[in-house]
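I have placed the structure first, in the form of structure tokens, so that the comments after it can refer back to it.
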Amino acid sequence: MTVIRLASGRLMLHSPCQITPLIAKEISELGQVAYIVAPGNFHHLYIATAQAAFPAAKTWICPGVERRNPSLKYDGVLGDVAPAEWEGEIDQVLVQGTRIMREVAMFHVASRTLILVDLIENFGDTTPRVGAALKFWFKYVLRMWNNPRPAPEYRIGWSDRQAAAKSLSRILAWDFQRIVLSHGDLVDRNARQVAATAWSAILGQR
Ligand SMILES: [Fe+2]
């Protein structure tokens, strides 16, 4: 989960983890939760726990979440343009040309932070709590150890590589200095270079 404080002081919960009473209390100490965001079609599992903890918040979902989780209540569907609610503070790209995964990448302008879920996974020697089986899988099968790359579900197929490249190029045009992601270590050095390298196989399709 990423917690974003907007200029108003209100918060966005991005890809919430399970919101326990303790976590809810800690978040409440940061500010009022205005938005709950499911930014990817595989990142919706704990949205309902966030809604229960913060019933006044509006929920925005990535396209596809409504099919994977039909019982989930939501207020808006994320698109390729930031809604008025956070326009100017957070920019966004709905990545096109994907087959299995759907994801809305976000850019928090004030902190120059790119916020992803699955477009880059970053596991390596410094990643805590990685078991031997996961390490073997990432190192020898997926070849993603110390080698940030899109989630395997992206890499096994794009429906339109040129459209994907166009979306990724829009993301790379943002002036970000770090990447927050959902699987593995955050990227706080050479962030734009890391992203360009992670996506090079697709960007080369332009
Ligand atoms: Fe994920």
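The values are calculated or read from the model by the stated rules, or taken from the named source; none is laboratory data. If you're wondering where the values come from, they're calculated on a predicted model, not measured in any experiment. Reconstructed Cβ throughout: ideal geometry from the backbone, glycine too, with neighbour counts over all protein chains shown. Just the protein is used for accessible areas: all its heavy atoms, side chains included, with ligands, DNA and RNA removed. Shrake-Rupley method; radii C 1.70, N 1.55, O 1.52, S 1.80 Å.
Could you sort 144-155, 40-51 so that the peptide with the highest average Cβ count within 10 Å comes first and the rest follow in order? Spell out each step's value before the answer.
Details: 144-155: 18.7, 40-51: 21.1.
Going from most to least packed, we get 40-51, 144-155.
Working out 0.36 nm times the residue gap between Leu134 and Ser8, then minus their Cα-Cα distance, what length gain in nm do you get to one decimal? Kindly include the intermediate steps, with their values, before the conclusion.
Details: separation 126, 0.36 × 126 = 45.36 nm, distance 4.10 nm.
Extra length from Leu134 to Ser8 when fully extended: 41.3 nm.
How high is the relative contact order of the chain? Use alpha-carbon pairs under 8 Å, at least six apart in sequence, and give a whole percent.
Relative CO of the chain lands at 16 percent.
Starting from the Cα coordinates of region 94-206, work out the convex hull volume and express it per residue in Å³.
Numbers: hull volume 10.6 nm³, N = 113.
Taking only Cα atoms, region 94-206 has a hull volume of 93 Å³ per residue.
Specify the inter-centroid distance of region 132-148 and region 103-119, based on alpha-carbon positions, in whole Å.
Distance between centres, Cα-based: 24 Å.
To the nearest 10 degrees, how steep is helix 161-172 against the longest Cα principal axis of the chain, on a 0 to 90 scale?
60
Return one whole number: the accessible area per residue of the chain in Å², for a 1.4 Å probe. Spell out each step's value before the answer.
Values: 10280 Å² over 206 residues.
That works out to 50 Å² per residue.
Given only helices, namely DSSP H runs of n ≥ 4 each adding -39500 (n - 2.57), what is the per-residue ellipticity at 222 nm of the chain, to the nearest 500 deg cm²/dmol? Walk me through the numbers on the way to the answer.
Numbers: 8 runs with 54 residues, N = 206.
That calculation yields -6500 deg cm²/dmol at 222 nm.
Taking amide hydrogens as modeled 1.01 Å from N in the peptide plane, which residues meet the under 5 Å criterion relative to Gln96, leaving out close sequence neighbours?
Ser167
Just subtract the alpha-carbon distance of Leu186 and Arg68 from 0.36 nm times their residue separation and send over the number in nm, one decimal. Show your work: numbers first, answer last.
On the way: separation 118, 0.36 × 118 = 42.48 nm, distance 2.72 nm.
In short, 39.8 nm is gained.
Put +1 on the Cβ of every Lys and Arg and -1 on every Asp and Glu Cβ in the chain; which of Leu168, Gln18, Thr2 then has its Cα farthest towards the positive end of the dipole?
The residue sitting most towards the positive pole is Leu168.
Compute the length gained on full extension between Thr197 and Gln32: take 0.36 nm times their separation in residues and subtract their Cα-Cα distance, giving the result in nm to one decimal.
Gain in length upon complete extension: 55.7 nm.
Let's see if you can work this out: charge +1 on each Lys and Arg Cβ, -1 on each Asp and Glu Cβ, no other charges. What is the dipole magnitude of the chain about its Cα centre, in debye to the nearest 20? Let's see the in-between values first.
On the way: 23 positive and 18 negative charges, 118 e Å.
The calculation lands at about 560 debye.
So for each of 172-181, 113-122 I average, over its residues, the number of other beta carbons within 10 Å; can you give me the resulting order with the highest mean first?
On the way: 172-181: 17.3, 113-122: 25.1.
Ranked from most to least packed, the peptides come out as 113-122, 172-181.
In whole Hz and in residue order, list the ³J(HN,Hα) couplings for region 11-28 that follow from phi through the Karplus curve 6.51 cos²θ - 1.76 cosθ + 1.60, θ = phi - 60°; x for Gly and Pro.
Taking θ as phi minus 60°, the curve returns 10, 10, 9, 9, 6, x, 7, 5, 8, 7, x, 5, 5, 4, 5, 5, 5, 4 Hz for region 11-28.
Quick check on region 1-122: take the gyration tensor over C-alpha atoms, sort the square-rooted eigenvalues as a ≥ b ≥ c, and tell me if it's rounded (a/c under 1.5), prolate or oblate. Before the final figure, lay out each step's value.
On the way: a/c = 1.59, a/b = 1.17, b/c = 1.36.
Because a/c hits 1.5 or more and a/b fails to exceed b/c, region 1-122 counts as oblate.
Sorted by accessible area with a 1.4 angstrom probe, largest first, how do Ile156, Ile90 fall?
Working: Ile156 130, Ile90 0 Å².
Ranked list, largest accessible area first: Ile156, Ile90.
Take the Cβ-Cβ distance between Asn147 and Gln18 as r, set R0 to 22 Å, and report the resulting FRET efficiency rounded to the nearest 0.05. Before the final figure, lay out each step's value.
Details: r = 30 Å, r/R0 = 1.35.
Computed FRET efficiency for Asn147 and Gln18 comes out at 0.15.
R0 = 45 Å: FRET efficiency of Leu172 with Lys25, Cβ-based, nearest 0.05? Spell out each step's value before the answer.
Numbers: r = 38 Å, r/R0 = 0.85.
About 0.75, to the nearest 0.05.
Using 1/(1 + (r/R0)^6) with R0 = 30 angstrom and r between the beta carbons of Thr126 and Ile100, what's the FRET efficiency to the nearest 0.05?
Values: r = 28 Å, r/R0 = 0.95.
The pair Thr126/Ile100 has a calculated efficiency of 0.60.
Carbon and sulfur: what percent of the chain's accessible surface (1.4 Å probe)?
Details: 5280 of 10280 Å².
Of the solvent-accessible surface of the chain, carbon and sulfur hold 51 percent.
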